[in-house]
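Asker: Quick one: the structure is below, questions incoming.
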Amino acid sequence: MLLIAMIGLAAALVLVVGVLRAQPATSGISATNTAPQADQSHMSYPATRRAILALTKAKEEIQAADNDFQGHRQETVEAIDRMTASFQYLLQDVPDRH
């Protein structure tokens, strides 16, 4: 079961990263968010950094949900934690470009 959850989470991450890569780094003002978005063009690996943020938000949503996702909530949260830690480990020695 855990392997299936991990494969599903990995597939979701690939989708998230694909969507994030399709968006420009500076999208300006959107219809739903009137505040200008931060320019991330100076950062190394901006899609990876956005994936960390997306995983963090997904974890918060899963933890706040009213159901337990057929018993998979905890293992999914743990998988997100491991994946987030892996991305953070990859970026720990990567300085921001200025």
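Asker: Across the range 67-98, what is the number of residues that are of a type outside the set (Ser, Thr, Tyr) and in a helix (DSSP H, G or I)?
Answerer: Final tally of qualifying residues: 15.
Asker: Something else: Taking the range 78-98, which residues are among the aliphatic types (A, V, I, L, M) and more than 14 Å from Leu53 (Cα to Cα)?
Answerer: Answer for the range 78-98, where residues must be among the aliphatic types (A, V, I, L, M) and more than 14 Å from Leu53 (Cα to Cα): Ala79, Leu90, Val94.
Asker: Let me ask something else. Can you tell me which residue in the range 61-89 is surrounded by the most Cβ atoms within 10 Å (Cβ to Cβ), limited to those that are among the acidic types (Asp, Glu) and over 22 Å from Ala47 (Cβ atoms)?
Answerer: Among them, the one singled out is Glu75.
Rule-based calculations on the coordinates, nothing more; no lab input. In this text the structure is predicted, and so the values were computed from the model without any measurement. For neighbour counting, all protein chains shown are included, and Cβ atoms are generated from backbone atoms with ideal geometry for every residue, glycine included.
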